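What follows is a single structure, written as structure tokens, with notes after it.
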Amino acid sequence: MNEQPVIMVQINDPQWTWEVLHSACALARACDGRVSLVKMVRGRHDTYPSAKLGLLQLDEQDRHMLQAYADTVTDYGVACDIKFYPCCDLFGAIAGAADQVGAETVFAKLPHSMIPFWADARFEVLRQHLSHQRLALYNKPVEVRQ
């Protein structure tokens with residue numbers, strides 16, 4: 001049995017998330033895949049057992065945005081799930097979350113740095129790390145040819 005390819009979208013600031021979400025949905029539709037929306041939650045793995053992650057208290061705005069993202073994915077005719085992933089270091093959490101959801105493609109955004117080139121350098125290191133696992137990493141929308 002072949003599993004559907006998984007396109008992971010890290011939920012970040014709304015403008016960026018909306019931009020890449022449409023690319024992720026088009027890509028998932030083109031490859032008969034599904035989208036996994038991943039929200040990073042501050043904390044360590046041992047402080048958030050997976051059973052407790054689903055019980056997190058989200059504010060009304062977060063719940064509304066998560067539902068809007070999920071509705072958009074289903075409007076594309078693509079399966080969707082929402083996951084929460086504990087995060088102390090976003091760099092490591094993105095790789096860990098991608099592994100946990102079985103992603104083949106990841107849309108993620110690292111935070112800006114006061115050192116101008118640092119965020120770009122870290123993104124490139126993460127991209128190289130994930131490419132060894134045969135995962136594609138993007139930090140902006142991509143064009144999908146059907």
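List of remarks:
- Scanning region 38-54 for residues that are crowded, with 19+ Cβ neighbours inside 10 Å, out of contact with any His (no Cβ under 7 Å at 6 or more places or on another chain), under 21 Å from residue 92 (Cβ atoms) and at pLDDT 95 or above turns up at least one hit.
- Note on region 70-98: among residues that are part of a helix (DSSP H, G or I) and touching a residue at least 60 places away in the same chain (Cβ under 8 Å), the one that is farthest from residue 6 (Cα to Cα) is 94.
- Region 99-141, residues that are surrounded by fewer than 15 Cβ atoms within 10 Å (Cβ to Cβ) and either under 15 Å from residue 11 (Cα atoms) or in contact (Cβ under 8 Å) with a residue 40 or more places away in the chain (or both): 102, 111, 140
- Matching entry among 35, 20 (being at pLDDT 95 or above, outside any helix (DSSP H, G or I) and either among the β-branched types (Val, Ile, Thr) or closer than 26 Å to residue 123 by Cα (or both)): 35
- Residues of region 9-31 that turn out to be more than 14 Å from residue 142 (Cα to Cα) and buried (at least 24 other Cβ atoms within 10 Å of the Cβ), as a count: 1
The values are calculated or read from the model by the stated rules, or taken from the named source; none is laboratory data. All values reported here derive from a predicted model rather than from experimental measurement. Positions of Cβ are generated from backbone atoms using ideal geometry, with glycine treated the same way; all protein chains shown enter the neighbour counts.
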